[in-house]
Each structure stands twice: as C-alpha cells, then as structure tokens.
C-alpha cells in the first residue's frame, strides 16, 4: 500500500453482487473491474480490520472471472496488508479459485487489508464471499463492508503511472462500428423470451436435464401473441432461448432425443423455434436465438464429441429458420451429467455462424456484443462502445439484460411481482439512455402465452415512452440544423476536441425535464465529458453534466423553464460529432 493512490474513477468498479457466476457456479461476490479509461492500473478497496482478540485469523475467499468474460488474457488478484503483499494470482479462465490467506501475524493488532485487481486484458473479476474468520467464526464480512470501504486506483504493478498518450487516444477515436453493429445499437430496445423445460419444472432458472420431455405441454402456445406484445411495446427484435442449460431443445433437432419431438405436445410435431421465427417475420420483427453451450443432459458433454453436437444444433438453427440477427451465447460452463466440464470450441462456433449467417451478431460470449456485467439492466454512467480486446481497440457495444419478473422463467408466485412502469422507465434511462441496448425478458407462462400482468405493464411502458418523447422542443429552437432535422445521417461537428459548444434558443421560455444527446457513432464514439447549462436572469447556470454519450444519452433534470440552453463538449478524443439533440 506504499504506491501512490489515485482518485477513484476511470471506469473502475468495486461492489457487492448477489448472483455472480464463474464457471457456471453462482455465489455472492464483490465484482471488481479494473480502470480502463485513459489509465491502466489497479482498482483497490481497503478494509479496516481489528484483530485485537483474534488468535488465528484467516482471510477466506474465492477469486474468479465472471462468466461471459471477453478475454483470455486474464487478470491479477492481490491481497495486501500495509506494505506487504500476502497473495497474488493470475487467472485466465472463468472458474472459482479458493483462496486462504493466513493473517496470524496480525493477531492482536489493527490492520488495513487491501484487495485489488489488475487487468492483463480481462476486466470482470470476482472476490467470492470474502470473509475474515477466526477458528471458523466470521469476524468480518468484507462483501457487506465494500459499499462504505475506501476505494482508489494504484499504478500498474512494477511501473509508474502513465496517462494514455496521443497515439492511444487517436486509435480509440478511429474505431468504427460495422453496419450491423450500428443497426443493432439504433434498435435500442429488444425482447428476450425465456421458455422451456424450466417453465414447468421446480428447478428455478437452471434445470438439471433430468425432467421428462412430456412435462413440456404449452397447450395454448401462441408465438404470434409474444411477437405482437413485443412489437406493441416498441421492441425491434425477439431473442428466444432455443436451448437452456438443461439441454431441452425447443425445435425438433436431429442431435438429441431431448427435444419437443419427444414430447406428447402436438404429438411430437411441435416446433417453438419455427413458429417464433415465422411470427417475427410476419410482424417485421428481427429474430435472434439463445443457445446454451452448457448442456446438463447430453452424455457427450465434457468430451470433444460434444463440440460437434453443439455445432450440429447451431447449423440446424441457422439454416432452417430464415434470417437470424443475433446469436446469444451464455458463458456458463458447469458440469454435465458425467461430472465433466466442457472446453468450448468458441472459434469453431464463430466460424460456423459467419459462414451460415454472416449478418448475425454474436453476443455476450462473442466478438460483436458484450454483456454489460449485471442482470439488472443497468449500464455504467460512463459506457464506451470502444473497448480494448486482445491488445487492440475494437467496437464492442454493451447489452443490458434484465427480466420483467424476479426470475428468468415463469413462476406463478411472481404474478404480483412484475416490475412497474416506473421501474422499467428507470431501467430504460439507465440502459438505452446510457449507450447500451436494453434486452427485456418476458417469460411466457405454462400455457405458452405471456401473462396479462406482463402485457399490461408493457403497454403502460409504451404509453409512457410515447408521452415523454412525443414532442421534441428542440425542433422549435434556433439551433444547428443538423441536430433537429430527424436525419440520423447528418451531424454537427465541434471545431475542437475541447470546449466545443452550441446553443438552443427559443422565442419564448419552454418547460422541460429531459435532455437527450445522440452521438454520430457511424464516425466513432469520442465524447468524454459534457455539461448542460440553462440561462436564468441573463446568466448561465449548470443544469446537468455527464461523461460518455454514444448512441443515446438521456438525462433527467429538475423541471426547468428557460429560453436558452448551452451544451458544451468539454473533452473528446477528437472533434465531437452529434447527430441529434432532444429537449422534452
């Protein structure tokens, strides 16, 4: 702890997460994200520990990399006390590593215990259930202490602090989305359907693959109802769980008997994937598939043969059902029915998708779309689509997944626990309004239909969004024409990367409570920091501020009446470009 401490920020995170997962095994953990914005170093959290009455204190924890991680280059976990390093280990794969650090030398003393993480290319670290114990008795639960514990940044191990140089900034500014990534981000709001054996079993969200296919009986199954509800809510795509971890396939696959063809439902002739794909096509909605690599039923799981089974399933889904816009890979990798874990052939999977559906985006455990890092639908206040992956900067936008209910699959006892319209609006602002795509899960019930309670809230959500964004007051202002012309391909460009500004001026005062900024991301993401001011009594007054903009940034502000707004891009990687501004 002798290294120079730097202020917290630059994309670093340290917070308690109740359902962290590494290697398919869930446990409560401290999610630790090293800094990455213009700085490469360590994220650290310090805990005040008093061991005055302890005899043989020990730090017990697990270190792991969050499932869905985007790099195999790993990260370094460290434990320090004072100037001494007590533990250091590098992990390169998603698995839990048990850690036990002897603190006996500190018995009878007070000590400042430091946990830190440093990226070698990976950024999703976990400290699982970190506790200080003495003779089996828990003295300190570090997870629960994390919220109030001091957090700070440290230089990279063995090197001095170095700000990102001009070449690095230029490299980030030069990254562009592919046309299909651009289209995806402009979709903003898409739907997730978790449906399958877990809908009928008592295994909560993770089935074990032992249930009979005859348990699957959606007697009122209606894919067109799903699609209608999604479209009326304003969603642009539907992603269906074609197979979850239990291994039950919702299409009549040739790869296994554990599928709808072995169910008594529709005499074994049913095809959930086929009907969902067709319903999407008829309604003009894009279609995506979720296919779990983890398979708790297939006896080949854990062997090289299983990779071929999985590719067969991929090939069927990508050739039988028309255009697929997104392939969603979960990173869970638990044990199969034979007690083995699988080494996934990710490159082989990617190659097959590129061959059969070249326009499909590969999400989460894939190179095109990344998981935001939580299942709460929340993006960061600072959310960059430009990410460092395998030593180079790439366009890698975030997707925020969240369920409309507490569970991902339908549970009757959650019919009264559907999120409210206010909760969903908060999530929308914190996802689509922070340069991410919102993926909202709607679990059909056992009849095969989306429950009326879910449908009602989605209608309310659509009404509230329509009401809020019905009238863009910026279009009545004197403002740069490119920002109010409803043309996403036109843009305003600042004269300089720093302190570039423009004004909106109305003939009469207008009242508003929401500000919208849209960056011209076709030419990259560049804005690092901005402020919004309004004129009151002839003077500029601060109203809001933010960091990144990206595809869309939504800011709630106290209701304000003014004739003038000024938006200043304080700092950007290059000359900033905006395609739209909204005032509501």
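The values are calculated or read from the model by the stated rules, or taken from the named source; none is laboratory data. Keep in mind it's a predicted model, so treat the numbers as computed, not measured. Note that we place each Cβ from the backbone using ideal geometry, even for glycine, and neighbour counts take in every protein chain shown.
Residues of segment 235-252 being within 30 Å of the chain's Cα centre (by Cα) and in a loop (DSSP other than H, G, I, E, B), which ones?
235, 236, 244, 245, 246, 247, 248, 250, 251, listed by residue number.
Report yes if some residue within segment 59-80 is modelled with pLDDT of 85 or more and in contact with a helix residue (DSSP H, G or I) (Cβ under 7 Å, 6 or more places away or on another chain); otherwise report no.
No, because not a single residue in segment 59-80 is modelled with pLDDT of 85 or more and in contact with a helix residue (DSSP H, G or I) (Cβ under 7 Å, 6 or more places away or on another chain).
Suppose we keep only residues that are touching a helix residue (DSSP H, G or I) at 6+ places or on another chain (Cβ under 8 Å), under 21 Å from residue 413 (Cα atoms) and not in a loop (DSSP other than H, G, I, E, B) within segment 183-201. Which one would you say is modelled with the highest pLDDT?
193
Quick check on residue 438: is it over 16 Å from residue 515 (Cβ atoms), in contact with a strand residue (DSSP E or B) (Cβ under 6 Å, 6 or more places away or on another chain) and modelled with pLDDT of 95 or more?
yes
From the list 255, 204, exactly one residue is in a loop (DSSP other than H, G, I, E, B) and at pLDDT below 95. Which is it?
204
From the list 93, 114, exactly one residue is touching a residue at least 12 places away in the same chain (Cβ under 8 Å), touching a strand residue (DSSP E or B) at 6+ places or on another chain (Cβ under 9 Å), not assigned by TED's automatic domain parsing to the domain that holds residue 346 and not in a strand (DSSP E or B). Which is it?
The conditions single out 93.
Here's a check for you: in segment 393-407, which residue that is more than 20 Å from residue 465 (Cβ to Cβ) and out of contact with any helix residue (DSSP H, G or I) (no Cβ under 8 Å at 6 or more places or on another chain) is surrounded by the fewest Cβ atoms within 10 Å (Cβ to Cβ)?
Among residues in segment 393-407 that are more than 20 Å from residue 465 (Cβ to Cβ) and out of contact with any helix residue (DSSP H, G or I) (no Cβ under 8 Å at 6 or more places or on another chain), the one surrounded by the fewest Cβ atoms within 10 Å (Cβ to Cβ) is 394.
Determine, yes or no, whether residue 77 is assigned by TED's automatic domain parsing to the domain that holds residue 30, closer than 19 Å to residue 15 by Cβ, within 23 Å of the chain's Cα centre (by Cα) and in contact (Cβ under 8 Å) with a residue 60 or more places away in the chain.
no
Quick check, is residue 54 more than 25 Å from residue 372 (Cα to Cα) and outside any strand (DSSP E or B)?
Against the criterion (more than 25 Å from residue 372 (Cα to Cα) and outside any strand (DSSP E or B)), residue 54 qualifies.
If I ask for residues that are crowded, with 24+ Cβ neighbours inside 10 Å and assigned to a loop (DSSP other than H, G, I, E, B), which ones from segment 20-34 would you list?
34 - this is the single residue of segment 20-34 that is crowded, with 24+ Cβ neighbours inside 10 Å and assigned to a loop (DSSP other than H, G, I, E, B).
Scan 556, 522, 563, 552 and give me the residue that is crowded, with 17+ Cβ neighbours inside 10 Å, modelled with pLDDT of 95 or more and outside the structural domain of residue 186 (by TED's automatic domain parsing).
552
What number goes with the only condition from (1) closer than 17 Å to residue 155 by Cα; (2) touching a strand residue (DSSP E or B) at 6+ places or on another chain (Cβ under 9 Å); (3) in contact (Cβ under 8 Å) with a residue 12 or more places away in the chain that residue 86 does not pass?
With respect to (1) closer than 17 Å to residue 155 by Cα; (2) touching a strand residue (DSSP E or B) at 6+ places or on another chain (Cβ under 9 Å); (3) in contact (Cβ under 8 Å) with a residue 12 or more places away in the chain, residue 86 is out only on (1).
Could you check segment 320-378 and list, in sequence order, the residues that are without any contact (Cβ under 8 Å) to a residue 24 or more places away in the chain, touching a strand residue (DSSP E or B) at 6+ places or on another chain (Cβ under 9 Å) and either surrounded by 21 or more Cβ atoms within 10 Å (Cβ to Cβ) or within 24 Å of residue 300 (Cβ to Cβ) (or both)?
346, 350, listed by residue number.
The conditions are (1) at pLDDT below 90; (2) assigned by TED's automatic domain parsing to the domain that holds residue 45, and residue 171 fails exactly one of them. Which is it?
(2)
Quick one: how many residues across segment 537-567 are at negative phi and in contact with a helix residue (DSSP H, G or I) (Cβ under 7 Å, 6 or more places away or on another chain)?
3
Within segment 283-304, count every residue that is out of contact with any strand residue (DSSP E or B) (no Cβ under 8 Å at 6 or more places or on another chain), closer than 21 Å to residue 441 by Cα and surrounded by fewer than 22 Cβ atoms within 10 Å (Cβ to Cβ).
The qualifying residues number 2.
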